[in-house]
Amino acid sequence: MAYQDTLVDHDGVIKITMKLSLPDSILNIFQSNNKRFIAGIAILSDKVQLVKAEPNGEKYKCVAFVEIPISNEDQTISALVKLINDYSLTSAKTTIVLPANKVESTQIERSELPENDIQTTLPWKVKDLINIAPMDMICDYIEMPLQPTGQQPKAQVLAVAKSYLEKITQPFHDEKAAISAITTEQFALAKLQQTGNASQLIFIQHKKMDGTLLIVKNQEICFARKIRNTAPIVDMTPEQLEMGGSDTIAIEIQRSIDYYESQLKQPPIKNALLAMEGNNAELMITALNKVLPVKTKLIPLDNLESDQELDPKFISAVGAALYMTPSQPETPVDTTSDQVAGVNNEN
């Protein structure tokens, strides 16, 4: 089992304030606190998404959401510059979700973790397991909360290139726009969970990317995995879906549920939530509900109020926007109605 996240402390927040040998120009942009708006930017493989919100009573209200297509890293930086300027992100505290292809991870036994100076010694410890040069590596680790009986405690080491972080943060420094956190999609989604003391399965499918499966409880990731070769599901015809196009995802979800409940000895999953780009989400839900033992529904975006309906494809940017806000009140899980509250590595 392998967590696909990086650069986080044990609550899922990037440790930019650690002694990482980052230039002061990067560190300084994380210090501003006097901002009215919050914003979330999700950098995906083919787009950069923004959700900006303002306080509205005890919640937040979306004031803008937009995406900019990209095809390379230079376009990513240009998109960030445009979003900062066009949507006045100098007035906001922004959380950035890193793209999955810039995040690397590996698993080691917890006893192998260095006792001191993690940032200096850990990159050299995992240099043969991570495809980032040790001198360019910023890494951290998370202790895996659940493990099968009889196995040694494990830690997941998470890494990203310092040079990439410098690139994506430079536009914010240039415009004196504040970054409140840098995290990954998985942690951003986990923070959105509103249901207390119940395990929920979340499946996310973006275009041109492998699917991501999470099991979340009390806003903590208990289990996470990538499901390979699922991107074609986004563009399948209804006929292809009905002829078994959804079978791979259904099988992998069932395997994950079985592993979580039997091998990790956890209480039953209450429901499954789906976020999927394209026009096949409802068809996928129908197909999954025919074969899975848990009810599958679309991921609701109840955490953020909006005058316009937010497309579920913005779920990562929504999670980023709300990432550093206080947790929402817990609500009991509803396994029968269509209004399930909240959504928020084994390979």
Report ³J(HN,Hα) in whole Hz for each residue of region 137-150, in order, from the Karplus equation J = 6.51 cos²θ - 1.76 cosθ + 1.60 where θ = phi - 60°; Gly and Pro get x.
-> 9, 10, 9, 8, 8, 10, 7, 6, x, 10, 8, x, 4, x
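Please give the contour-minus-distance gain from residue 152 to residue 307: 0.36 nm per residue of separation, less the Cα-Cα distance, rounded to one decimal in nm.
Working: separation 155, 0.36 × 155 = 55.80 nm, distance 5.02 nm.
Answer, rounded to one decimal: 50.8 nm.
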Using label points projected 7 Å from each Cα along Cα→Cβ, tell me how many nm separate residue 237 and residue 279, to one decimal.
-> 1.3
Taking Rh as the Kirkwood radius, which is the inverse of the mean 1/r over Cα pairs, what is the Rg/Rh value for region 138-186?
-> 1.18
Pull up all non-local amide H partners of residue 311: gap of 5 or more, or a different chain, and H-to-H distance under 5 Å with H placed in the peptide plane.
-> none
Determine Rg/Rh for region 127-221; Rg is computed over alpha-carbon atoms and Rh is the Kirkwood hydrodynamic estimate from the same atoms.
-> 1.02
Given the convex hull of the Cα atoms of region 74-124, what is a quarter of its surface area in nm²?
-> 6.0
Whose amide H sits under 5 Å from the amide H of residue 199, counting only residues 5 or more places off or on another chain, with H placed in the peptide plane?
-> 270
State the volume of the convex hull built on the alpha-carbon positions of region 33-88, expressed per residue in Å³ and rounded to an integer.
-> 84
Just the accessible area for residue 54, please: 1.4 Å probe, Å², rounded to the nearest 10?
-> 50
What distance in nm separates the simple spin-label points at residue 166 and residue 135, each placed 7 Å from Cα in the Cβ direction?
-> 1.1
Got a sec to turn the phi values of region 264-273 into Karplus ³J(HN,Hα) couplings, 6.51 cos²θ - 1.76 cosθ + 1.60 with θ = phi - 60°, whole Hz, x for Gly and Pro?
-> 8, 6, 9, x, x, 5, 7, 6, 10, 10
At 0.36 nm per residue, minus the direct Cα-Cα distance, what do residue 66 and residue 121 gain on full extension? Give it in nm, one decimal, please.
-> 15.8 nm
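At 1.4 Å probe radius, can you tell me the per residue accessible area of region 206-262 in Å²?
Per residue, region 206-262 has an accessible area of 46 Å².
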Report ³J(HN,Hα) in whole Hz for each residue of region 48-65, in order, from the Karplus equation J = 6.51 cos²θ - 1.76 cosθ + 1.60 where θ = phi - 60°; Gly and Pro get x.
-> 10, 10, 10, 10, 10, 9, 10, x, 9, x, 8, 10, 10, 10, 5, 10, 6, 8
With respect to the cross-link table entries 93/217; 191/297; 208/265; 35/61; 52/191; 167/226, which display a Cα-Cα separation exceeding 25 Å?
-> 93/217; 208/265; 167/226
Around residue 306, which amide H atoms from residues at least 5 apart in sequence, or from another chain, sit under 5 Å from its own amide H, with H modelled in the peptide plane?
-> 62
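The values are calculated or read from the model by the stated rules, or taken from the named source; none is laboratory data. Keep in mind that what you see is a predicted model, and the values were worked out from it rather than measured. Every residue, glycine among them, receives a Cβ derived from its backbone with ideal geometry; neighbour counts consider all protein chains shown. Quick note on the areas: whole protein, heavy atoms, side chains included, nothing else; ligands and nucleic acids left out. Shrake-Rupley method; radii C 1.70, N 1.55, O 1.52, S 1.80 Å.
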